[in-house]
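Enquirer: Below: one structure in structure tokens.
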Amino acid sequence: MTDLIIAPWDQLETQTFAGLRSAGADEASAGAATRAMLHASRLGVDSHGVHLALHYARVLRSGRVNPTPKMQIRRTALGSAVLDADNGLGHASGYAAMELACSLAKEAGVDAVGVINSSHFGAAGAYALAGALLH
């Protein structure tokens, strides 16, 4: 049986971010993962929430996921691009891809961004909401 632990959101955010940083994640990656996991937890989507922080810390420490990715963008057409996530945490590439898509859509009216060389990115709704807020 798992014990239920209740903590204030700001404490949960601070500790999740700190845990990912201590596992080696750069500030941007830890911030994006924390943001996406808290989004899921706030909505009750616990399967993709902060309980995954320990898993992400393990894969960062094991070297399976790049803790300091250098993402690269390749434009493929006026309305499309590919973001190479350099095997980093998927949350960082999810937010980066949405920001890129919104930016490029201003030029073309519509845009599609594919992401390669990434890892699990959690709850997709976090990126849809980010896109709506960027618009």
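Enquirer: Rounded to the nearest 5, what is the percent of antiparallel bridges among the DSSP beta bridges in the chain? Mind dumping the intermediate values first?
Expert: Numbers: 5 of 11 bridges.
Once the DSSP bridges in the chain are tallied, antiparallel ones form about 45 percent.
Enquirer: Using helices alone, I'd like the mean residue ellipticity at 222 nm for the chain: each DSSP H run of four-plus residues gives -39500 (n - 2.57), total over residue count, nearest 500.
Expert: On the way: 5 runs with 69 residues, N = 135.
So the helix-based figure for the chain works out to -16500 deg cm²/dmol.
Enquirer: Around His120, which amide H atoms from residues at least 5 apart in sequence, or from another chain, sit under 5 Å from its own amide H, with H modelled in the peptide plane?
Expert: Close amide H contacts, sequence-distant or interchain: Gly90.
Enquirer: Note down the nm distance, to one decimal, between modelled labels 7 Å out along Cα→Cβ at Arg74 and at Ala112.
Expert: In this crude label model, Arg74 to Ala112 measures out at 1.7 nm.
Enquirer: Under a 1.4 angstrom probe, counting protein chains only, how are Ser29, Ser118 ranked by accessible area, largest first? Don't jump to the answer; show the numbers that get you there.
Expert: Details: Ser29 5, Ser118 45 Å².
These residues rank, largest area first, as Ser118, Ser29.
Enquirer: Moving on to the next point. Starting at the first residue of the stretch 75-91, write each ³J(HN,Hα) from the Karplus equation 6.51 cos²θ - 1.76 cosθ + 1.60 with θ = phi - 60°, in whole Hz, x for Gly and Pro.
Expert: Result, ordered by residue: 6, 10, 5, 4, x, 7, 7, 10, 10, 8, 8, 6, 6, x, 4, x, 4 Hz.
Enquirer: What ³J(HN,Hα) values, in whole Hz, does the Karplus curve 6.51 cos²θ - 1.76 cosθ + 1.60 give for the stretch 4-14 when θ = phi - 60°, with x put for Gly and Pro?
Expert: Whole-Hz 3J(HN,Hα) from phi for the stretch 4-14: 8, 10, 10, 9, x, 4, 5, 5, 4, 5, 4.
Enquirer: Excluding ligands and nucleic acids, what accessible area in Å² is computed for Leu60 using a 1.4 Å probe, to the nearest 10?
Expert: Rounded to the nearest 10, that gives 10 Å².
Enquirer: Here is a follow-up. Determine by what factor the alpha-carbon radius of gyration of the stretch 47-135 differs from 2.2 N^0.38 Å, reporting the quotient.
Expert: Working: Rg = 13.8 Å, N = 89, 2.2 N^0.38 = 12.1 Å.
Against the compact-globule rule of thumb, the ratio is 1.14.
Enquirer: For the chain, with every protein chain kept in place, what is the accessible area per residue (1.4 Å probe, Å²)?
Expert: 57 Å²
Enquirer: Assign unit charges at the C-beta atoms only (+1 for Lys and Arg, -1 for Asp and Glu), then state the dipole size of the chain relative to its Cα centre in Debye, rounded to the nearest 20. Present the calculation step by step, with values, prior to reporting the outcome.
Expert: Numbers: 10 positive and 11 negative charges, 54 e Å.
Around 260 debye, computed over the chain.
Enquirer: Now, a different point. Quick one: pull the percent of accessible area on the chain belonging to carbon and sulfur, 1.4 Å probe, ligands and nucleic acids left out. Please report the intermediate quantities before stating the final value.
Expert: Numbers: 4440 of 7720 Å².
Of the solvent-accessible surface of the chain, carbon and sulfur hold 58 percent.
Enquirer: Also: Using modelled amide H (1.01 Å from N, peptide plane; none on Pro or chain starts), what sits under 5 Å from the amide H of Ala25, excluding residues fewer than 5 places away?
Expert: Amide H neighbours of Ala25: none.
The values are calculated or read from the model by the stated rules, or taken from the named source; none is laboratory data. As the structure is a prediction and not an experimental result, all values here were calculated from the model. Glycine gets a Cβ as well: all are built from the backbone with ideal geometry, and neighbour counts include every protein chain shown. When the accessible area is computed, the model is the full protein with side chains, heavy atoms only, and any ligands, DNA or RNA have been set aside. Shrake-Rupley method; radii C 1.70, N 1.55, O 1.52, S 1.80 Å.
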